[in-house]
Structure formats: C-alpha cells, structure tokens
Amino acid sequence: MRKIAFIAIILFVLLSLNGCAEKEPEAPVYRPVSNHSVVKKSLPDMSQALVVSVLKGNSLIVKINDSEREFTLAGVDFPKIYTPYGLPENEDENALKFITSLKGSTVYLEADISSGSGALEGYIYIAKPGEISDQEIRDKMLNARLILMGYAKTSLNKDFKYVNYFMEYETEARNDRAGIWDKGPIIDQGPFQAAAVQANSFPYETDSEYATIGSIKFKDVETIGKDFEWQYNGFSYRWWVEVPQSLVDWDRKISDTCPKFYASDGSTQNQMLFSMNEDEKHLLAAYSTEAKGNFAVWAAEEQNNRLTAILGEKLLARAQADGFDDYQTADFVLCFVCEALKYSEANMRLPAQTLIDNGDGDCKALLFASIIKNMGYNVSLLVSGENMAVGVAFQQAPEDDAFSYHEFKGSRYYFAQTSAPGWHIGEKGDSKSWENIACYTVSQEDISTG
C-alpha cells in the first residue's frame, strides 16, 4: 500500500494540492478559423495615433486625436515557452522592451472587429503602408514584427484577419531560432489535407484516402515517431507525430519512480527525494493515496504541456476545417485518444509517454485533459473511487438532456470516458460507479504552483 513517509517536504507539497480550485473558471470562447486572402489589397481604414505608454506586451495606450485609448494587438500571444531541456521562460519582457521603444512615435492603427468583444484591438503599423502585401506587413506591422523576431507567437484564437500570414511568420521564426524559439528544437509542421474523406474500409493503405493532420517533426533532436489512425463521424484520419526522446525518457522515469518510492522504506525514500527537483516532488505527492486521485498536476505538467499545446493547435485546425462545433471538436479529440492509442495496463503516465507507449483509461484521461485544456476548454478530472473521467465544460451546453455532467461552482463538466473506444462526451455509464464524485479542475495555476 502506497503511503507517504513523514517527510516535511512531501507534506508541504501535499498541503498545496487542493481538492477543487477555488476560482470558478471562465467560460471558454471558441471561434472558427478565418481564411482571409490578403494579397496587395488597397489600404483599409486607418487612424493615426501617438504611442503614449505600454501596459504589457500586447496592450498600449495610444492618443487618437485628443483622446487616450487602450489598444490591444490582435493575433499575438506571449505564453511561457516549454522545452524538454529546462523550466519555462516568459519572453513577454523582450516584447515589452521592443514596444516601449515606440513611445512618443506616430503609428497607424487598423481595427479588427473579428473577435466581437467590442474592445479596441487590431494592428499597429510603425509607418503607413503603401498597400496591404506580404512585404509591407513584414516591414511595417508591429504585430507581425513581434512574431518574426520570436518575441511572440500566433494566438490560439485563429479568428483574425491576418491569421495565414502570422502562422507563416511563426514557422519562419521557429526555423530561424528567433527569440523564444532558440530555447528548444525546431518544429517542422507537415502538410495538411484540406478536406476529410468518407470512410469505406479502414484502415486505408495510402495517405490520399485519409484526412491528414499537419505532422509534427523535430529537426534537431532525437525523437520517437508514431503514426496514428482513427475514425470520427464517418471520416478517417491519419497523423504522424514525433516526440523528443528526452521528454519521453523523463516521463518514463517519473512513471517508474513513483510506485517504487511508495514501496520503499523511509531511508530509501529520503535518498530518492534528495535526487529530485521540486517539479518531480509535486508529481510524486500527487501519486500518493493521500492526494485522493488528484492528478491535475500531472495533466498540467509544464514540459508535457509544451507538446500537448502543439497537438491541440493541430487538432483544432483539423476540426475547424471539417466544420465541427464546440462539442464535436472535443469529441473528435476524445475519439483520437481512445481509438488511435491502444489500451494497455500501466502505472500512471504523463501525456507524452502515453502518446508513445499507450496506457490505461487513467493515463489517457490525463492526455485528453492536457490537450483540450490547451485548446481553450475548461476541464477537470472527475474521480469516484477507482474511476476517473475528464469533465469538459462548454460555452453552450449540449441540448440533449440525456448528456451526463457533474456541476461544480456553476460550471457543468460533461463526462468524457477514456477507458475504451466508442465513448462520446456526455456518456456516463453505470451511475453506481460515479457516486461521491471529487472534482479536480485542471488550470494554468496547476502549472505554476503544482
């Protein structure tokens, strides 16, 4: 029986594991990809403004005529960058310094109302463009310059005017190892087949009979690759994904170490603790029976989330290309996790290891939760005894009253079972297996605090 030794550092970590997050999650917003074609078009309406100050990386105070307004840069984000080689670094500071250099300068603002938020946001040109073309965007648009210099990345929300340009610029920055992309391997995103194909016989022998997802390849590190095949909604899909060997090895080490720790005597446990860093100790504490099945920190582990964020971007693009709504998109990812990955008995595994080595229902639950969390959904782990499922919250709840959910702090978390292929979100199974449910929300705070 796994039991924590009375070691001060582990007790401290356990105290930091809350059964449910106190902060109620905000409802996610999902928007379709907008494929605007912008090639040497005439100038849109622009406003001349003066940069007064910079609030943060993507927000400035500008003076338009005699009025000061807050202006947000559209299409860019400044997330922490995770690599298999170390702790995350927040590169917002570099963007802040670059934008601050514009203080007192005259700029030109192009508004973008795609988000529908009502806020003043859009694009800032450091010099007035003669036309809207690739070269003018590269040279004069601040949003694009930040991405090209590697100070920012394209936002996960792809509903903005210049999305195609920004995604291309991000790929260039990655390949040039600019800014944030100097911290890890180059990611080569493979071809994307535009339309899904109807399934007749499965599996197919050629890629042309599949709807493919942009492959993920790391050019400059040793990797493990895997080809995934699955069906959803009558269509067949294929996806090639590579994972850095170092990340998989680290995940395997954690999976092997945790059960060994709790099966060891106090002296051995002390020796093992001495060789662990703080992140590993948080994962170890969550493995304890004292944590009561709260593996949220495993689903939010920072190095694995760097990978699952990329997986989420690719799956979201595929789902949007196929016209899936919010529910279908999450259900599509659930089908990938349950069908493309084989079931195998295992100790708890982190997402990258599960992707390569497969795993049981609990391992797949953490992978699924990690992916869709990075796609913008609010998610939780629903635990009852030995049973674990993922809870998925939607901005618009499914209309079918037969869909099962667990309500926590005003949010409905719909059941997503990962124990076998064939489950769809909202299917709960045997109700007796889901009495006395504990809800553990998976949030960004889990990454930073464990």
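The values are calculated or read from the model by the stated rules, or taken from the named source; none is laboratory data. Bear in mind the structure is a predicted one, so any value in this text is a computation, not a measurement. Reconstructed Cβ throughout: ideal geometry from the backbone, glycine too, with neighbour counts over all protein chains shown.
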LYS364 more than 28 Å from ASN164 (Cβ to Cβ), surrounded by fewer than 23 Cβ atoms within 10 Å (Cβ to Cβ) and basic (Lys, Arg): no
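So is ALA285 surrounded by fewer than 18 Cβ atoms within 10 Å (Cβ to Cβ), at pLDDT 90 or above and either among the aliphatic types (A, V, I, L, M) or more than 26 Å from ILE216 (Cα to Cα) (or both) or not?
On the way: surrounded by fewer than 18 Cβ atoms within 10 Å (Cβ to Cβ): no; at pLDDT 90 or above: yes; either among the aliphatic types (A, V, I, L, M) or more than 26 Å from ILE216 (Cα to Cα) (or both): yes.
Criteria not met by ALA285.
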Anything in segment 228-250 that is within 19 Å of LEU350 (Cα to Cα), within 21 Å of the chain's Cα centre (by Cα) and not hydroxyl-bearing (Ser, Thr, Tyr)? List them, or say none. PHE228, VAL241, GLU242, VAL243, PRO244, GLN245, LEU247, VAL248, TRP250
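Step by step: first the residues of segment 133-154, then only those that are surrounded by fewer than 19 Cβ atoms within 10 Å (Cβ to Cβ) and in contact with a strand residue (DSSP E or B) (Cβ under 9 Å, 6 or more places away or on another chain), then the one that is nearest to SER53 (Cα to Cα). Which residue is that? Give the steps one after another, and end with the answer.
Taking segment 133-154 as the starting set, the residues that turn out to be surrounded by fewer than 19 Cβ atoms within 10 Å (Cβ to Cβ) are 133-136, 138-139, 149.
So of that shortlist, the ones also in contact with a strand residue (DSSP E or B) (Cβ under 9 Å, 6 or more places away or on another chain) come out as 133, 136.
On the way: SER133: 29, GLU136: 25 Å.
Only one residue fits best here, namely GLU136.
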Taking segment 144-161 and the residues there that are in contact with a helix residue (DSSP H, G or I) (Cβ under 7 Å, 6 or more places away or on another chain) and under 19 Å from ILE132 (Cβ atoms), the one that is modelled with the lowest pLDDT would be THR154
Can you name the residue in segment 398-423 that is in contact (Cβ under 8 Å) with a residue 40 or more places away in the chain and surrounded by fewer than 18 Cβ atoms within 10 Å (Cβ to Cβ) and, of all such residues, is nearest to LYS364 (Cα to Cα)? SER419
Scan of segment 315-352 for residues that are of a type outside the set (A, V, I, L, M, F, W, C), buried (at least 23 other Cβ atoms within 10 Å of the Cβ) and more than 17 Å from the chain's Cα centre (by Cα), ordered by number: ARG349
Evaluation of GLY376 against (1) touching a strand residue (DSSP E or B) at 6+ places or on another chain (Cβ under 6 Å); (2) surrounded by fewer than 22 Cβ atoms within 10 Å (Cβ to Cβ) (one fails), failing number: (1)
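Can ASP265 be described as in contact with a strand residue (DSSP E or B) (Cβ under 9 Å, 6 or more places away or on another chain) and not aliphatic (A, V, I, L, M)?
Working: in contact with a strand residue (DSSP E or B) (Cβ under 9 Å, 6 or more places away or on another chain): no; not aliphatic (A, V, I, L, M): yes.
Criteria not met by ASP265.
Taking only segment 374-393 into account, find how many residues are under 19 Å from ALA291 (Cβ atoms) and in contact (Cβ under 8 Å) with a residue 60 or more places away in the chain.
At the first step, the residues of segment 374-393 found to be under 19 Å from ALA291 (Cβ atoms) are 379-391.
Applying the additional criterion that residues be in contact (Cβ under 8 Å) with a residue 60 or more places away in the chain yields 379-381, 383, 388.
Residues that pass the stated criteria total 5.
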Hey, can you tell me all the residues within segment 252-268 that are in contact (Cβ under 8 Å) with a residue 40 or more places away in the chain, closer than 24 Å to GLN353 by Cα and part of a helix (DSSP H, G or I)? ARG252, ILE254, SER255, ASP256, CYS258, PRO259, TYR262
Residue under evaluation GLY234, criteria (1) of a type outside the set (Asp, Glu); (2) free of Cβ contacts under 8 Å to residues at least 60 places away in the same chain; (3) surrounded by 14 or more Cβ atoms within 10 Å (Cβ to Cβ); (4) assigned by TED's automatic domain parsing to the domain that holds VAL221, criterion not met: (3)
Look at ASN304 and say whether it is modelled with pLDDT of 90 or more and either surrounded by 15 or more Cβ atoms within 10 Å (Cβ to Cβ) or not hydroxyl-bearing (Ser, Thr, Tyr) (or both). yes
